[in-house]
Each structure stands twice: as structure tokens, then as C-alpha cells.
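Quick one: the structure is below, and I'll ask about it shortly.
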Amino acid sequence: MRTDTPQTIYRKDYTPPSYLVDTVELGFDLDPARTIVANRMTMRRNPDSAQREIELYGENLELVALRMNGNTLSEKDYRIEGSLLTIPDTPEEVTLEIETICVPEQNTTLSGLYTSNGSFYTQCEAEGFRAITYFPDRPDVMAVFTVMLRADKEKYPVLLSNGNLVEEGELGDGRHYAKWEDPFRKPSYLFALVAARLVCQEETFRLKDGRDALLQVWVEEGNLDKTDYAMQSLKNSIRWDEERWNLELDLDRFMIVAVGDFNMGAMENKGLNIFNTKFVLANPRVATDIDFQGIEAVVGHEYFHNWTGNRVTCRDWFQLSLKEGLTVFRDQEFSADMIGTESGRAVGRIDQVRTLRQAQFPEDAGPMAHPVRPDSFVEINNFYTVTVYEKGAEVVRMYQTLLGREGFRKGMDLYFERHDGQAVTCDDFRRAMADASGRDLSLFERWYSQAGTPVVRAETRYDEVDKTYTITLFQSCPPTPGQTSKFPFHIPIAVGLLGADGRDMPLIIGGKDAGPTTVLELTEPEQSFVFENVQEQPTPSILRDFSAPIILDFNYGDADLLHLFSHDSDAVNRWEAGQRLAMGRLLKLTGEAGVGAPLMLDDTFLLALGKMLSDEALDPAFREQALLLPSEGMVAEQIEVVNPMSIHLARQFMRANIGARLRTELLAQYQANQTPGEYSPDALSAGKRALKNLCLAYLTAAQDEEGLQLAQQQFDEAGNMTDRVAALSALIHARAPGAEAALQRFYDEFEDEALVIDKWFMLQASAATTDVGAVRSLMRHPAFNLRNPNRARSLISSFCAGNPVQFHAPDGSGYAFWAEQVITLDALNPQVASRLARAMDRWRRYTPELQEHMKKALQQVAGQQRLSNDVREVVGKALAN
Ligand code: B3K
Ligand code: ZN
């Protein structure tokens, strides 16, 4: 915890490291109260650096000894300023030996070496390695690591690190050791160790080149009944990377370890991925369809990092999206290919669009807005954002849209050919794409350098005489902190035209056949595109498959939207039309809510929804997406002065109205989409459950008696967690008489399943009936634990970010609670605190009364004398003008 003024670090200030490290030998004497780390590294001067001093980083370490080429250095031989240790006047080649002590059991930050449930785990990205030993802890310093672990055998029977196990044995006095060697050079952020009492599911797996690899999933005892899906996902990931990208596993052994205390989802340490239990443990009894999906995606994501991140890594942390955007894109494609159907792919794409709109667009429009490749930061951990990850994935996807699948693949091949084993930049990636395809991608650079969500306004004109249809596109991008004006982006806009019969018209541009969908490349502030031989006034389907992360401003009439909603061959735009229809109505209702006049919903819209709901030719998963209303947060983003209560009332009214007026269809679909027999998480079954459970949610929102009975019955009888939790949620949200008893039963039944108890907290925290007082009493529940990130998030973050009505209570009590929790959490775990702090990002958009309270809460946090850089940066930016 720092009290000094935080330093801003700028991308433009990058300089190469003064010394390179060839080899690192680490020795660990593991003890929760006093772990001794011996570090012996061979270093040599970097020819690319003019600097002559050795620079090492270390944090919260007790330095016991420091030797250079065999000679002990005394305090006058080096300087320590903050976390930087500098040794001046060093020779060309150096062997450094450093002995330090750290205290894992007191490390509540969960960065560096820490204990969880009595065992040892590490997390080094981004800068956690410096809490383990002094090291040039920056991603462009890559070395070969050898690791010796020594620990009590009884308490820590399993000793793991990166690479291959080369030796193990007894030490006497109850201790044992294991020696690991990682043959690949890697940056320190990919180092990992685990010393724990664990068991594993293991399997040998034949790779494409005929080698056998040992795959292991390590968990605490009692959880071996929940590792199948993670193992299956790992095997699928390995296969997929071989088939789609010709990328092979380069190690003989690949391990996944699940830990209950973890700051994020998982970590791609070379050969030893460490995972939050949430993304490993699953069986039908305890995990939902969404949980299964999450496991597949995250196992894939971390595995894919082995090439995009580990083999080719980042030069500096500003380049984070080089590995994260690309790897998210890869995991999205993996999940889509695993479903294997066109409509499954579209449903996945719709999910991605929802995430962008719900989380990334607001980030891009708020005080923390930053380019995909940021120009500066105070705390790098604050930049593991939806912009770097999800918008970064969109940027990668746009290359594929512009170059075609084959062209993109050539670019990827060239990228690996050029940069395997290197630490590179986003520009290097773009250059590989440009060189492999022969295309000029210089304007495309702006997607990396400019923050903010571009707005593309479209105007259309049909010329009946010439039979031409002209689409004129105008692009702009609002100012963001530090960037007042923007240059035009290179934006691929996929377009199709629908005839009155609902079919795609064949497109002709410049005399050439352009298929049913064509990609228009917008590079100017304003550009017109002319379609020829258009026989009738078409309905334009613009931004098909969400071909760019932009806001499309087009004045669609209801008739056009209804036409697209019924017919568009592009499933994403078909869904989008429904969202626009719903959003228009939600905005109108929000304006009227609370005014006193009765709220009304038109028949046309309901009819369209009813038709969609009952169209059994369509995939249930798609119908569920099409019927799901934009969230309260998405509505808020459309409104200048936000009053969360009126949005909530409007949306609740709409849900109840849908439930009442489509009752018959909802009941029919509820029955038609049952999934009897053994549970399977496959996409078709999951889609059916999703649609069925949405029907239930609408029916219960309408207080429909049969619906409420069905919810109770489903809760009592369901054989899987998806249906259990959906029913419980319906009961709670409808304030059903049985809700309390159901909650209690749920708790009693799953008391020993931490991940299910997280759901139990989350369900309550996000219910509009749960006020801040109720959250405070839940915090006193014996199962609550602020130090466990999953648990803290399940209650506190779910309330602050997922319960708008109560969080924004008019008396400001929600904000006072937020300030209190951010401050308390910050002293324990800055990364978790800082995420929570972001719940206030959009405070300037609320009503003046709410703003006043929010500002006070923000100032209270900012005014703390002791605050991490993480939280200080977030609240500082929120308050800045
Ligand atoms: N690379 C890690 C994230 C590390 C976060 C550090 N605060 C997980 C991932 O993106 O795969
Ligand atoms: Zn990642």
C-alpha cells in the first residue's frame, strides 16, 4: 500500500532492458510464514541498450543477500528506491545470486506467492513476480527457468512448476523436493508454482505429430467428480488449435490447477495454467449451462495463449491486447466451432455484441476510456479491461472480415514465422497481416490508438428511375479523456438488402456481383456506395454479423424493423431489429414511468414477439436471445439523465406485460422445450433450457399463477443446476410466497459447494427486493468472507453493479456502502477493490440528486490517505474533469 503520489507510465517512454537474462535457477523453501527464495541468474548486457546499470524490481521482500559474480554486495554497492533496485557499474556478463524472504500467508493481494486454504499458489501477471524475488520483471526479458521446490511432504504432497519434472525425492525431516525445468524462454509473468494437497484427473493425449502429452487437471480432494468437462475442453482446445491454425502443444505435459482464491478467471502460465475453481469445476448438479460454456471458453483461452502470448509475447504492457484481443478472438472462434452450426455461431456472436454494448461501450464513453493499446497507465492491472480484451478481439475479427478467412490465416502464419520466441508489439501484428495480404492497413492503426466508440450514421436513397440504391455513411467519434478530436477509422460495414418478400437481393456494385452480403470499407468521414439494378425499394440490413464495434445510427422505422425481425437472413441483424423495437418502447415507457398515467405496450410488437417465440423452425437458443430485452444498463446508456427507478419500472412493466399477454404461447413453449433424460451441456439442450426458463421468467413476472406453480415445481424437481437456479431466481424476482423457503433449502443442500453458495449470494444481492440493509446482514452470514474474491464479488459487486434500483437508492445509502467496501477491500486486495470502484464510472449521467451523493462517496474514497495505486487511479479519473 502506497501513500506517495502515483506515477503515470507512458508508452512513448519505452526503452529496451539494460540487461538480458539467459538462465534463472530458483530455489524455494516453502513455509507459509517465511519462505526463502534463492535466485541465481546469468545476465549479459543488452547490445540494444545504452544503459549501463542492472535494474531489478522487488516488492514486499526482505533482502537477505546479494552476490555478483561470487562477491557479496554491501548496501553501498546498490540502490533501492521504491520497488527498483539498481546496481551501477556492472560488467558485461554477470551472475547474480539473490536471497530473499517473503510471507505467503500474509499476502492477501493474491498476487505473487500466496496461500489459499493452506496451500501455495502464485499469480505473476502482470507484475507479481517481483513479490517473489528481485528480477527485471518486464515481459521483454525472457529466460530459461529451472525451479527447485522444497516443502513439508505431509502438508504439500504435490509440488508443481512450469515445464518438465526432472527430479523428485525426500529430504528427511518430513520434507521433500521436486525439480522442474522449462525448456522454453519465457518472461517472468509466466512463472508459476503450486505446492498443495491436491488430486488429479490425468490422461495421455496423442498430438498431431504423434507425440504423447500428459494432461492433468488438479483439484482439491472431493472435487474429482467435477473435472471431466475441463479435461474434455482441454483436449478439444488442443485438437482445434492443431486443425484450425496448425499450432501444436510444445510441451510433454500440460497442467491445469484449480484454486478457490483467485483474482480473475485463470492464468496461462507456461505448462501450468492456474484457474479460478469457477472455470474448472462442473457437473450437472452444481454447474449451469453458462458455467459449462465458461469453462470451455476459459480452458480454451488459456491454452491458446500458449502460442498467442507465450511463444510470441508482448514487448511491454501497453501491448497487452496483442495477446488478449487475439486470444479472446481465438476462444470465441473455438466456442463457435465447437457448436458447429450456423445458428449456434450466430447466438455466440449475439452474446459478444451484448457484452460489448453492456460493458465496453460504456467504458469507451466513461472516465476510464482508453485505446485498445493504451498510451499511459498508473496501474497496469487496471487495464485488463473489456476494451483491451473484447474490443481488442473485435479489432482482430475486423482483420479477418477485411482479408477473408484465408488471408487472415496467411497473416497469422507469417506472424508466427517472424516472431516465434520474441516479445513484440501490436504494430508487428498489423504488419504481418498487411505483408501477408499485400493490403495497406495503415489507417487500421487508428483502432489501436484512438479510444471511443465510433458512430456511423447512414442515409439511404432509392432511385426508381435508375434502379440504384445509395447508402451514404458518415463517421464520427466522440472525444475521450486526452483525445479531443479523432481521425476517421477504417471500418468494415457488412451490408445486405432485403426485398419486400424478405429475401436477400443479389447485390451489384460497379457492375460486379457482390453476393447477398458485401463488406463496404468506410475510410473517409463521409462515403457513398451505390448498388445497381435494384428492382424495388429495399430494406437495408446494415452491419451484418456486427462487422465492426461501432454504434450504427440509422433511422429505421417500425415497419422496416418488423420486416428485418421476421426475415433477415443474417441472424445477428435479425436479433438486432428486435432489440431496436424493444429499446424504442423501453425508452418511451421509461419517460412515462412514475408519471401516473397507465403504461401501454402495443399489439404490433407483442405479435412479433409471439410469432418469434413460437417459430419452431428457429433454434431455441436464437429465440431466447430474440426475446430477451435489453438490460436496464443498456437502456441507461441511451438516456441523457438516468433515473434507474424509472428504467426498472418500465422494464418490469414490459416483462409483466409480455408474460400476461403471451401467456398461452409462453406456457406452450415452456412445455415444448423440456429436456428430459440425462443432462447434457450441449448447445441444443442448453438453448432449450434457456428458452424454457425465459418463458418461466416472463410468466412469473406477470404473477401468473400457473407460472408460479411451475417455478415451484421446477425448483423442487429439477435434476440440474441450470433449472434449479432459474426456478429459484424466478421465485425470488416474483417475490413468490415460497421464495424464502426455497432459498433456505438451496443453502442447506449446497452448503459445502462454494461455487453454488456464490450463486446463492449473487441471487439475493441482485434482487430488486434486496436493499443495502439486507446486503449488510448477508455480510454477517457465516459463509461470507471478504477475502475470497469470488465470494466478495458474489455479494458486494453483484449488488453495486447488478442491482441498479437498490444501489442507486435516493438517500445515497448504496454509494456510502460502496465507499466503505472499496476502502476495506483495498487494504486486503487492491485488484478486487479497484474493479468494484468502477461501479461508479458513469456517475455523471445520473440525476443531479444522485450525482451529489455519488460525488461525495467518490471523494470519500479519494480522500483516504492510504490507498492503492489501483483504486487511486480509478477514482481519480472518475472525479477528474
Ligand atoms: N492473462 C491473465 C490475466 C492476468 C490479469 C492480471 N491482473 C488471464 C487471461 O487473460 O488469460
Ligand atoms: Zn488472456
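Convert each backbone phi in the stretch 654-661 into a coupling constant with the Karplus relation 6.51 cos²θ - 1.76 cosθ + 1.60 (shift: θ = phi - 60°), then list the ³J(HN,Hα) values in order as whole Hz, x for Gly and Pro.
Here the 3J(HN,Hα) series is 5, 4, 5, 5, 4, x, 6, 7 Hz.
Just want the answer: with Cβ charges of +1 for Lys and Arg and -1 for Asp and Glu, which residue in L879, W818, L778 is farthest toward the dipole's positive end in the stretch 751-881?
L879
Using a 1.4 Å probe on the protein heavy atoms, what percent of the accessible area of the chain belongs to carbon and sulfur?
49 percent
Can you give the helix-only mean residue ellipticity at 222 nm for the chain, where every DSSP H stretch with n ≥ 4 adds -39500 (n - 2.57) and the sum goes over all residues, rounded to the nearest 500 deg cm²/dmol?
Computed mean residue ellipticity for the chain: -12000 deg cm²/dmol.
Taking 8 Å as the Cα distance limit and 6 or more residues as the minimum spacing, I'd like the relative contact order of the stretch 455-567 as a percentage.
33 percent
Now for a different question. What FRET efficiency do you get for R52 and T472 if R0 is 51 Å and r is their Cβ-Cβ distance, rounded to the nearest 0.05?
For R0 = 51 Å, the calculated efficiency reads 0.30.
State, as an integer percentage, the relative contact order of the stretch 256-386 based on alpha-carbon contacts under 8 Å between residues 6 or more apart.
Relative CO of the stretch 256-386 lands at 17 percent.
Give the long-range amide H neighbours of R175: residues separated by 5 or more places, or on another chain, with amide H under 5 Å away, using H modelled in the peptide plane at 1.01 Å from N.
K153
Grab the Cα-Cα distance for E221 and T523, subtract it from 0.36 nm times how many residues apart they are, and report the gain in nm with one decimal.
Result for the pair: 103.0 nm of gain on full extension.
From the residues N643, V455, M654, which one has its Cα farthest along the dipole of the chain in the positive direction, the dipole being from +1 and -1 charges on Cβ of Lys/Arg and Asp/Glu about the Cα centre?
Positive-end residue among those listed: N643.
Mind listing the long-range amide H neighbours of D22? Cut-off is under 5 Å, sequence gap 5 or more, other chains count too, H placed in the peptide plane at 1.01 Å from N.
T42, M43, R44
Any chance you could list the semi-axes, whole Å, largest first, of the equivalent ellipsoid that the Cα gyration tensor gives for the stretch 51-196, using √(5λ)?
Result for the stretch 51-196: semi-axes of 27, 17, 16 Å.
Here's another thing I want to ask about it. Note down the relative contact order for the stretch 123-279 as a percent, whole number, built from C-alpha pairs under 8 angstrom at least six residues apart.
21 percent
How big is the C-alpha Rg of the stretch 240-364 next to the rule-of-thumb value 2.2 N^0.38 Å, as a ratio?
Ratio of Rg to 2.2 N^0.38 Å for the stretch 240-364: 1.10.
Averaged per residue, what accessible surface does the stretch 455-567 expose to a 1.4 Å probe, in Å²?
46 Å²
Dipole size in debye (nearest 20) for the stretch 751-881 around its Cα centre, Lys and Arg Cβ +1, Asp and Glu Cβ -1?
About 400 debye.
Another question about this same structure. What residues of the stretch 272-315 lie in the reach of a label at D420, counting those whose backbone N is under 18 Å from a point 7 Å from the Cα along Cα→Cβ?
Hits in the stretch 272-315 for D420 at 18 Å: 304-314.
Would you check the accessible area of K467, probe 1.4 Å, heavy atoms only, in square angstrom rounded to 10?
60 Å²
Measure nothing fancy, just the Cα-based angle from helix 558-567's long axis to the longest principal axis of the chain, in degrees from 0 to 90, nearest 10.
That works out to roughly 70 degrees.
Between V312 and residues 5 or more places away or on another chain, which pairs have amide H atoms under 5 Å apart, with H built 1.01 Å from N, and which residues are they?
When sequence neighbours closer than 5 places are left aside, the close amide H contacts are G421.
Mind checking the dipole of the stretch 359-404: about its Cα centre, +1 per Lys or Arg Cβ, -1 per Asp or Glu Cβ, Debye to the nearest 20?
Rounded to the nearest 20 debye, it is 160 debye.
Spelling out what I want: for every residue of the stretch 386-399, take phi, set θ = phi - 60°, compute 6.51 cos²θ - 1.76 cosθ + 1.60 (Karplus), and round to whole Hz; glycine and proline get x.
4, 5, 5, 7, 6, 5, x, 5, 5, 4, 5, 4, 5, 4
Another question, if that's okay. Contour minus end-to-end for Q535 and T8, with contour as 0.36 nm per residue of separation and end-to-end as the Cα-Cα distance?
183.8 nm is the gain from fully extending Q535 to T8.
To continue, here is another question. Over all directions, average the projected area of the Cα convex hull of the chain and note it in nm².
About 37.0 nm², averaged over all directions.
Estimate the FRET efficiency between D173 and K611 by the formula 1/(1 + (r/R0)^6), using the beta-carbon distance for r and 51 Å for R0, to the nearest 0.05.
FRET efficiency, D173 to K611: 0.10.
Using the Karplus curve 6.51 cos²θ - 1.76 cosθ + 1.60 with θ = phi - 60°, work out ³J(HN,Hα) for each residue of the stretch 512-525 in order, rounded to whole Hz, and write x for Gly and Pro.
Computed from phi, the couplings for the stretch 512-525 are 10, 5, 10, x, x, 10, 10, 9, 7, 9, 8, 10, 9, x Hz.
Counting only the heavy atoms of the protein chains, how much of W218 is accessible to a 1.4 Å probe, in Å² to the nearest 10?
W218 has an accessible surface of roughly 30 Å² with all protein chains in place.
On a 0 to 90° scale, report how tilted helix 721-733 is relative to the longest principal axis of the chain, with both axes built from alpha carbons and the result rounded to the nearest 10.
So the inclination is approximately 60 degrees.
Using a simple charge model, +1 on the beta-carbon of Lys and Arg, -1 on the beta-carbon of Asp and Glu, nothing else, what dipole does the chain show about its Cα centre, in debye to the nearest 20?
Using only the charged Cβ atoms, the result is roughly 1300 debye.
So, one more: What ranking of Y303, Y177 comes out by heavy-atom accessible area, probe 1.4 Å, highest first?
The ordering from most to least exposed comes out as Y177, Y303.
So for the stretch 204-265, taking the charge dipole from beta-carbon charges (+1 Lys/Arg, -1 Asp/Glu), which of W218, N236, F254 sits furthest toward the positive end?
N236
Any idea how far apart Q671 and A816 come out in nm if each label point goes 7 Å out from Cα toward Cβ?
Between Q671 and A816, the label points sit 5.3 nm apart.
The values are calculated or read from the model by the stated rules, or taken from the named source; none is laboratory data. It should be emphasised that the depicted structure is a prediction, and the values quoted were computed from it without experimental measurement. Note that we place each Cβ from the backbone using ideal geometry, even for glycine, and neighbour counts take in every protein chain shown. Keep in mind that these areas ignore ligands, DNA and RNA; they rest on the heavy atoms of the full protein, side chains included. Shrake-Rupley method; radii C 1.70, N 1.55, O 1.52, S 1.80 Å.
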